[in-house]
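A quick write-up on the structure given underneath.
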Amino acid sequence: MTEILESAGVIGRPLRRKEDAKLLHGRTNWTDNIQVPGALHMALVRSPMAHARIKKVDLSGALAMPGVVAAYDAASLGDLNANVLCVWPVTDDTVMPPFPALTGDKVRHVGDVVAIVLATDAKSAEDAIAAVDVDYEPLDAVVDMIDAMSPGSALVHDAAANNTCYVYNLGGGYADAAAKADVVIKRRFVNQRIVAGFMEPRAVVAAPMGMSDEMTLWSATQIPHVLRVVLSLSTGIPEQNLRIVAPDVGGGFGGKLQMYREEILALQLARHLGRPVKWNETRSEDMVASHHGRDQIQDIELAATKDGRILGMNVTLLANMGAYLQIITPGTPLLGMFMYCGIYKMDAYQFQCTGVFTNTTPTDAIRGAGRPEATFAIERMMDELAAELGMDPMELRTRNWIQHHEFPFTTAAGLTYDTGNYEAATARALELFGMDELRAEQKRRRESGDPVQLGIGISTFTEMCGLAPSRTLGALKYAAGGWEHCTIRLLPSGKVELVTGTSPHGQGHETAWSQIASDILGIPVEDIDVIHSDTGRAPYGMDTYGSRSLAVGGQAIKKAADRVIENARPIAAHQLECAAEDLDFANGAFSVKGDPEKSVTLGALAWAAFSAHNLPDGIEPMISGAATVDPEDFSYPHGTHLAAIEVDTETGKVRVRSYVAVDDVGNQINPMIVEGQVHGGVAMGIGQALYEGVEYDADGNLLTASLADYLIPSAADLPSFTTDRTVTPSTTHSLGTKGVGEAGAIASTPAIINGIVDALRPMGVTDVLMPASPQNVWRAIQAAKGAGA
Amino acid sequence: MQHINVTVDGTSYEAEVEPRTLLVHWLREGVGKVGTVVGCDTSNCGACTVLLDGRSVKSCSVLAVQADGCEVTTIQGLSTGDDWHPVQTAFKECHGLQCGYCTPGMVMAAVDLLNENPSPSEEEIRDGIHGNLCRCTGYHNIVKSVQYAAELMGGRK
Ligand code: FES
Ligand code: FES
């Protein structure tokens, strides 16, 4: 049974979503639906080459085309050409090359932008970009990170010797740990490049607003608030004149946590020309233009005693930055650096990451951002160590994980996990999974030499959510803070406006935030309107990413709602003719202690505070509460995911037969939404394990340039999931919640790969490259056979 | 330019269209049916799925001129006003959508699937909607939604 938070109200209930009526009837406001009279359509001239010097750009052909109003290259754009900003230089000497919206000297990846055309309609703009003549002088392209770092390799940026962006070190003492160890294992894992794959392609509309100086930018973004700041810093448009709106946004997964050059260009040209400018990408454009993620080579060492106690871990990463630094490109792999220890105790932890420039699309955060890579490495290593020691992989985990009575626990990486109960989540997962029967079947198949082998994949993971305590971000050299804001206003009618700084794009914030406020204020969910994603209506916020919205934003809602009650209290006391301290507040009404008949509802007080005819002296009209909360610490959701995997050893085909996910995300506001987040995350992690991977050829041409070549899993590729939760409330977050947006994507990839390797280990297989396509699995089997022969 | 006469969501439209115009673009730009969306340029995602004479099609892989004389039903015509088609009800009840971008196409594909097969198995559902991609839900609740819709429509007991 899933436990849920005991609450008199609606917290913890699987309420159906407020968002759904309009989404299910097609009454939607995607950015591409926005029509502004007189809008020009923007199309971009993208480089077909990975690395080349731009000799000449001839715009005249395009300018002569029907419907074309203007065209620019970097030279003619002049001062309007602004930079995409990176806000996370991770070290003092991180190489931060400029990333201009239009590149003028060289192109550095396929899809880099050389020129733009503006026309009266989208088709004319599209047709005209073919008439822009660019003369390129091809240069050697660097695609592979190891090649990129070899002496004599071509340089993506002259300022970055050996194509090195930065080297980051954390921890130490691994050599001592290894010296004491009975067993040391080393593995190299490749965590391949993937795309976010949001279903709504990106789109931007920028418009000057009438007679004022205001520019409004609608963008399919996760971060309207952050975007306003960085666009202002980059373009010089005063912040107060910029209004950013993220209308209905069709998924993000980190891919819309970005400042994109198309946003800069649309904004600058709309301002310059005094006309609205619209751009929307095709999917194929998205594949080269929206940032990619992951792409690390991980060299991992684990030192342990012969009875399986981990002594130390050494992590050496190469992290592919791509051709430019986007908003948090350098920091993304470092979001994982604290998570390589996972849920395990160890004496020493040593980490080094080298950021490497290559002639590829820039990388940045995608669902989990650094933590999926870390979890993949440690969970794969646990299976490898277990095999080395001849120990059951779950037994090895049990011997090393932090016991539930040991919290709070400071890990070797230096984080203090506040709570957790790995025993409980694992026990529940094992029960749902039927481990004993599956192991018995595995044994039978092995003994009979069945061509279809069965493997059991384990992932006992944790992650850090709730980005983030601002001081910690400062110490890591991230430019901004990690707080979140909420304002709650009582309207004269007694209805409620809840203004949040989070910016949902599928997570159901309107429903969940209403549940929190309803629970505290005693006002029905349907009487609460959640306002978000528009810097004009919701001016303060840090937006939605890193599973932060509930973990941080939820606390702001609670605090703001508590303040509403405190601000209403003196008015209630005045009406009920008693002292403020003599009032109880419950179910949306104040009542006099000991005389519950004497009471007044918040709704009635809202009208009284609006009419203001009879307020106590010194009390201002209207009732509201505002709060900005900086989280005390990260939160640490965890869970145990188990996968039963069938591998056809003759064809390499993999089938996920069953998948059990038991997550502990602390208290749940809406368990239906929590479950949906887990499903989607698990599916995305399985996508990385089995189907997805961005591929370039040696010259830097993108081979997976459309949804026909890049396989986002369909319903036919995935199983149903068995999900449940254990509940260990966070002690550092006022609602006891932890966050759930990324958990599934972090947990499932290693569970799947561990399952495949478990199935094939008797054949000598110890690893399989992702995506574990039939071809990659078959190759792993052949390589093992070859090595064994 | 070519003349077409298409009934969309119960209303008949006469229009002059360029022969290269895709049905989805005409629906969005010519008729204002922006509830139907575009997710790709290779006919892989299914976000644009509508019913053409009652059968689901990817409206990005049909030319507007091919719909001449036909009846098109989009997500906006599936039910009117505050009415809900059982598939819409089921998607809400079973949390079969998150961001909602795949939803118009997914719902129309499900309507067609249930018309053809009122009582599909899980495998038949997964197979039937494999041309409609969703990045948010992992399909688990979409499958549940289609099963529940079948029940609401009397196909499953
Ligand atoms: S838009 Fe993707 S299939 Fe039609
Ligand atoms: S609900 Fe977002 S893509 Fe399906």
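Laboratory data are not the source of any read-out in this text; all were calculated from the coordinates shown. These numbers were taken from a predicted model, which means no experiment stands behind them. Methodologically, a virtual Cβ is constructed for each residue, glycine included, from the backbone with ideal geometry; neighbour enumeration extends over all protein chains shown.
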Separation between Cα centres of region A:43-89 and region B:67-112, rounded to whole Å: 41 Å
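How charged is the neighbourhood of A:Met145? Take every other residue with its Cβ under 13 Å from the Cβ of A:Met145, and add Lys/Arg as +1 and Asp/Glu as -1.
On the way: positive: A:Arg188, A:Arg193, A:Arg294; negative: A:Asp144, A:Asp147, A:Asp295, A:Asp299.
Cβ neighbours under 13 Å give a net charge of -1.
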Globularity index of the protein assembly as shown, i.e. its alpha-carbon radius of gyration over 2.2 N^0.38 Å: 0.95
Acute angle (nearest 10 degrees) that the helix B:140-152 long axis makes with the longest principal axis of chain B, alpha-carbon atoms: 90 degrees
Extension gain from A:Ala612 to A:Ser658, taking 0.36 nm per residue of separation minus the Cα-Cα distance: 10.4 nm
Pairwise FRET efficiency - A:Arg444 versus A:Glu214, Cβ, R0 = 56 Å, nearest 0.05: 0.20
Distance (nanometres) between label positions extended 7 Å along Cα→Cβ at B:Ser43 and A:Asp699: 2.9 nm
Chain A - mean residue ellipticity at 222 nm from DSSP helices (-39,500 (n - 2.57) per run, n ≥ 4, rounded to 500): -8500 deg cm²/dmol
Region A:692-760 and region A:539-586: distance between their alpha carbon centers, rounded to Å: 37 Å
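If you take the beta carbon distance between A:Ser470 and A:Ser734 as r and set R0 to 25 Å, what does 1/(1 + (r/R0)^6) give as a FRET efficiency, to the nearest 0.05? It would help to have the intermediate numbers written out before the result.
Working: r = 17 Å, r/R0 = 0.68.
With R0 = 25 Å, the Cβ-Cβ based efficiency is 0.90.
Shielding of A:120-128 by partners, i.e. mean partner chain Cβ atoms within 10 Å per residue?
Values: counts 0, 1, 2, 4, 0, 0, 0, 0, 0.
Partner Cβ neighbours, averaged per residue: 1.
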Pairwise FRET efficiency - A:Glu239 versus A:Arg779, Cβ, R0 = 56 Å, nearest 0.05: 0.55
Cut-off 19 Å, label 7 Å out along Cα→Cβ of B:Glu123, residues of region A:645-685 by amide N: A:645-648, A:653-659
Label point distance in nm, A:Thr416-B:Tyr13, each placed 7 Å from Cα along Cα→Cβ: 6.2 nm
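Taking a quarter of the surface of the convex hull around the Cα atoms of region A:623-719, what do you get in nm²? Walk me through the numbers before you get to the answer.
Working: hull surface 48.0 nm².
Averaged projected hull area, Cα only: 12.0 nm².
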Full-extension gain in nm, A:Glu431 to A:His405, via 0.36 nm per residue minus C-alpha separation: 7.1 nm
Inter-part distance where region A:280-332 and region A:435-465 are each reduced to a Cα centre, Å: 27 Å
B:Asp82-A:Ser150 pseudo-label distance in nm [points 7 Å out on the Cα-to-Cβ vector]: 7.1 nm
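Assuming 0.36 nm per residue, please report the length gained on full extension of the stretch A:Asp709 to A:Ser493 beyond their Cα-Cα distance. All intermediate terms of the calculation are to be shown ahead of the outcome.
Details: separation 216, 0.36 × 216 = 77.76 nm, distance 5.45 nm.
This chain segment gains 72.3 nm when fully extended.
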Selection from A:Gln677, A:Gly38, A:Gly67 lying farthest towards where the dipole of chain A points positive, charges on Cβ: A:Gly67
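Of the cross-linked pairs A:Lys106/A:Lys278; A:Lys653/B:Lys58; A:Lys18/A:Lys495, which ones have a Cα-Cα span greater than 21 Å in the structure shown? Could the numbers behind the result be given before it?
Values: A:Lys106/A:Lys278 26 Å; A:Lys653/B:Lys58 30 Å; A:Lys18/A:Lys495 16 Å.
Over 21 Å apart, Cα to Cα: A:Lys106/A:Lys278; A:Lys653/B:Lys58.
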Convex hull volume per residue in cubic angstrom - Cα atoms of region A:366-450: 150 Å³
Paramagnetic label zone (point 7 Å from Cα along Cα-to-C-beta, B:Glu71; backbone N under 18 Å) in region B:14-56: B:14, B:50-56
Kirkwood Rh and Cα Rg combined as Rg over Rh, evaluated for region B:12-71: 0.92
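Across all directions of projection, what mean area in square nanometres is found for the Cα convex hull of region B:86-152?
Numbers: hull surface 14.5 nm².
Value for region B:86-152: 3.6 nm².
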In degrees, nearest ten, helix B:103-116 long axis to first principal axis of chain B (Cα): 70 degrees
